[in-house]
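Take a look at the structure set out below.
The values are calculated or read from the model by the stated rules, or taken from the named source; none is laboratory data. Predicted model, so just to flag it, every value in this text is computed and none were measured. Positions of Cβ are backbone-derived with ideal geometry, glycine not excepted, and every protein chain shown enters the neighbour counts.
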Amino acid sequence: MAVSALTGTLPRFITQAAISSTTTTQIQASPWHRITIFSASALYIYNDVADGDPVPASNRLAITAAQAASGYPLQLSGAVAGQTYTTLCVAAQATTADIVIVLEPSEVRS
């Protein structure tokens with residue numbers, strides 16, 4: 001099931017239980033924000049896959065359980081064509097994983 005981080009006060013804290021190792025969980029978030037993903041389990045992070053589709057065998061970033069436990073930060077870019085949000089996909093590396101997502105505005109530098 002897709003996880004929406006589109007509404008609420010920033011920073012947003014979202015918990016998603018039992019993401020699968022076989023199907024994609026798509027995170028929809030505001031563009032140009034920083035997202036940090038926390039988990040006690042190893043994860044795959046990737047993009048351009050629809051929610052519920054199979055996890056790709058390549059073109060994915062493997063995050064160890066230690067990295068995920070510390071929080072893995074990513075910078076989100078522009079919106080999906082024709083939409084007001086951007087997406088990021090995540091899956092467990094083995095069985096299932098619980099994740100916590102923190103979404104916050106990117107720092108503005110002069």
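Quick notes
- Scan of the range 85-99 for residues that are closer than 19 Å to residue 14 by Cα and loosely packed, with under 15 Cβ neighbours inside 10 Å, ordered by number: 96, 98
- Matching option when the condition is assigned to a loop (DSSP other than H, G, I, E, B) and without any contact (Cβ under 8 Å) to a residue 24 or more places away in the chain, among 83, 67: 83
- Residues satisfying the stated conditions in the range 1-39, i.e. among the charged types (D, E, K, R) and either crowded, with 18+ Cβ neighbours inside 10 Å or at pLDDT below 90 (or both): 12
- When each of 77, 41 is tested for being part of a loop (DSSP other than H, G, I, E, B), touching a residue at least 40 places away in the same chain (Cβ under 8 Å), over 19 Å from residue 6 (Cβ atoms) and not β-branched (Val, Ile, Thr), the lone residue that passes is 41.
- Out of 62, 97, 50, sole residue that is at negative phi and in a loop (DSSP other than H, G, I, E, B): 50
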